[in-house]
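K.L.:
One structure, as structure tokens, below. Some questions next.
The values are calculated or read from the model by the stated rules, or taken from the named source; none is laboratory data. Since the structure is predicted, the reported quantities are computational estimates derived from the model, not experimental observations. Positions of Cβ are generated from backbone atoms using ideal geometry, with glycine treated the same way; all protein chains shown enter the neighbour counts.
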Amino acid sequence: MKTEKRPKYDNIFEYLDEHYVFKAPETELTTFYKKDIAENQYKNLTGPVKPDRRAFKCPDDAAALVIEFAKAAGADLVGFSAVLKHFVFEGIEIQNNYAVVLGFEMDYDLIATAPELPSGIEVLRAYWRLGSITVKVAEFIRDLGYSARAHHPRGFSGTPPTILHSVSALEAGLGEFGRHGLLITPEFGPRVRLATITTDLELPAGERKSFGVEEYCRTCSICRDACEGDAIPDEKAEVRGFLKYTIDPYKCLPYFAKYDGCNLCVARCPFNKRAVELSKFIDKLK
């Protein structure tokens, strides 16, 4: 594998706002979610660190406490990774060496309505809930006496992304990439949203895991056939030094704007199953 390079933000959210008008109607819920993210969550991504540092016998002990708190706060998945350059955007400087990666499940029935409005509202709700959880976990780590920065799961104009959450989750062993470019987890398939916290609290490093996604997606075209914008590729392409399926965002954007988040590729993915059915499905792949 070639040396993996840092991602570069190409102002995709600004392009979206400039060229497209969201056609899905606003609701009381979506208005509140967006307001709370912008006015409250984004203002609390960092904060003061408690001067008395909690000592841990080993990184695994620290990880156990972080997992316990993150699950109590509402996270469905928790993993750990070193902070690697290929998931930190150019121009973003992160001094800390450790990453906590959080996953949050989206509702199966609501995502199944994709591309209609209930699916888009559920995605926004997941961003809102996961954003709140991420801020709380970062605050908890700072209260232990360690620096911690929350990297919010939702980006939009004026708030460019800092980290590729899906790649940090890949490195943490939370899942594999599917043909649609999304992380597929063994617990929830692609029906998750992801966020990252970087910290100087020493944590164990995860590792990439495989459970059959790579082989399955090689011959499956369901998400590609379902995509109204023809944004999902036939073959992998080299991206920053490694091969992956990469959607064409400019083909995706018209439908993203039309539905305020499309989600057809998530809803139609064969890995998008309820927990029991997904477990049986994965077992058959082994």
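K.L.:
If a residue must be modelled with pLDDT of 95 or more and either of a type in the set (Phe, Trp, Tyr) or within 19 Å of the chain's Cα centre (by Cα) (or both), how many such residues does the range 211-246 contain?
P.N.:
5
K.L.:
Pull up the range 216-273, narrow it to residues that are among the β-branched types (Val, Ile, Thr) and part of a helix (DSSP H, G or I), then point me to the one that is surrounded by the most Cβ atoms within 10 Å (Cβ to Cβ).
P.N.:
Filtering first and then ranking leaves 266.
K.L.:
Further question on the same structure: Scan the range 176-202 residue by residue and report those that are in a loop (DSSP other than H, G, I, E, B) and closer than 27 Å to residue 91 by Cβ.
P.N.:
Residues satisfying the conditions are 181, 182, 200, 201, 202.
K.L.:
OK, next. Taking into account only those residues within the range 19-42 that are without any contact (Cβ under 8 Å) to a residue 60 or more places away in the chain and of a type in the set (D, E, K, R), which is surrounded by the fewest Cβ atoms within 10 Å (Cβ to Cβ)?
P.N.:
Applying the filter and picking the extreme gives 28.
K.L.:
Considering only the range 128-147, I want to know if a residue exists there that is in a loop (DSSP other than H, G, I, E, B) and of a type in the set (D, E, K, R).
P.N.:
No; the residues of the range 128-147 include none that is in a loop (DSSP other than H, G, I, E, B) and of a type in the set (D, E, K, R).
K.L.:
Further, regarding this structure: In the range 45-82, what residues are closer than 14 Å to residue 196 by Cα and touching a residue at least 24 places away in the same chain (Cβ under 8 Å)?
P.N.:
45, 46, 66, 70, 75, 76, 77, 78, 79, 80, 81, 82
K.L.:
Mind listing just one residue for me: the one in the range 158-170 that is part of a helix (DSSP H, G or I), touching a residue at least 40 places away in the same chain (Cβ under 8 Å) and out of contact with any Leu (no Cβ under 6 Å at 6 or more places or on another chain) and, of those, farthest from residue 11 (Cα to Cα)?
P.N.:
Among those that are part of a helix (DSSP H, G or I), touching a residue at least 40 places away in the same chain (Cβ under 8 Å) and out of contact with any Leu (no Cβ under 6 Å at 6 or more places or on another chain), it is 168.
K.L.:
Need the failing condition index for residue 87 against (1) farther than 24 Å from residue 186 by Cβ; (2) at pLDDT below 95; (3) under 14 Å from the mean Cα position of the chain (by Cα), just the number.
P.N.:
(1)
K.L.:
Mind checking which residues of the range 30-68 are small (Gly, Ala, Ser) and either assigned to a helix (DSSP H, G or I) or in contact with a helix residue (DSSP H, G or I) (Cβ under 7 Å, 6 or more places away or on another chain) (or both)?
P.N.:
Hits for the range 30-68 are 38, 47, 62, 63, 64.
K.L.:
Right, residue 277: part of a helix (DSSP H, G or I) and free of Cβ contacts under 8 Å to residues at least 12 places away in the same chain or not?
P.N.:
For residue 277, the condition - part of a helix (DSSP H, G or I) and free of Cβ contacts under 8 Å to residues at least 12 places away in the same chain - is met.
K.L.:
For residue 148, only one of the following conditions fails: (1) crowded, with 20+ Cβ neighbours inside 10 Å; (2) more than 22 Å from residue 69 (Cβ to Cβ); (3) of a type in the set (A, V, I, L, M). What is its number?
P.N.:
Exception for residue 148: condition (2).
K.L.:
I would also like to ask the following. Inside the range 90-117, can you point out the residues that are outside any loop (DSSP other than H, G, I, E, B) and modelled with pLDDT under 95?
P.N.:
117 - this is the single residue of the range 90-117 that is outside any loop (DSSP other than H, G, I, E, B) and modelled with pLDDT under 95.
K.L.:
While we're here: For the range 174-191, give me each residue that is closer than 21 Å to residue 205 by Cβ and under 13 Å from the mean Cα position of the chain (by Cα).
P.N.:
If the condition is that a residue be closer than 21 Å to residue 205 by Cβ and under 13 Å from the mean Cα position of the chain (by Cα), then 174, 175, 176, 177, 183, 185 are the ones that fit.
K.L.:
Then there's this: Out of all the residues in the range 17-29, is one or more within 22 Å of residue 88 (Cβ to Cβ), outside any loop (DSSP other than H, G, I, E, B), out of contact with any Ser or Thr (no Cβ under 9 Å at 6 or more places or on another chain) and of a type outside the set (Gly, Ala, Ser)?
P.N.:
Taking every residue of the range 17-29 in turn, none turns out to be within 22 Å of residue 88 (Cβ to Cβ), outside any loop (DSSP other than H, G, I, E, B), out of contact with any Ser or Thr (no Cβ under 9 Å at 6 or more places or on another chain) and of a type outside the set (Gly, Ala, Ser).
K.L.:
Those residues that are surrounded by fewer than 21 Cβ atoms within 10 Å (Cβ to Cβ) and either among the β-branched types (Val, Ile, Thr) or at pLDDT below 95 (or both), I need them from the range 155-174; list them, please.
P.N.:
Correct list: 155, 156, 157, 158, 159, 160, 161.
K.L.:
What about residue 177, is it surrounded by fewer than 23 Cβ atoms within 10 Å (Cβ to Cβ) and under 28 Å from residue 8 (Cβ atoms)?
P.N.:
Yes.
K.L.:
Follow-up question, since we're still on this one. Could you go through the range 7-15 and let me know if any residue there is touching a helix residue (DSSP H, G or I) at 6+ places or on another chain (Cβ under 7 Å), more than 20 Å from residue 172 (Cα to Cα), outside any loop (DSSP other than H, G, I, E, B) and at pLDDT 95 or above.
P.N.:
no
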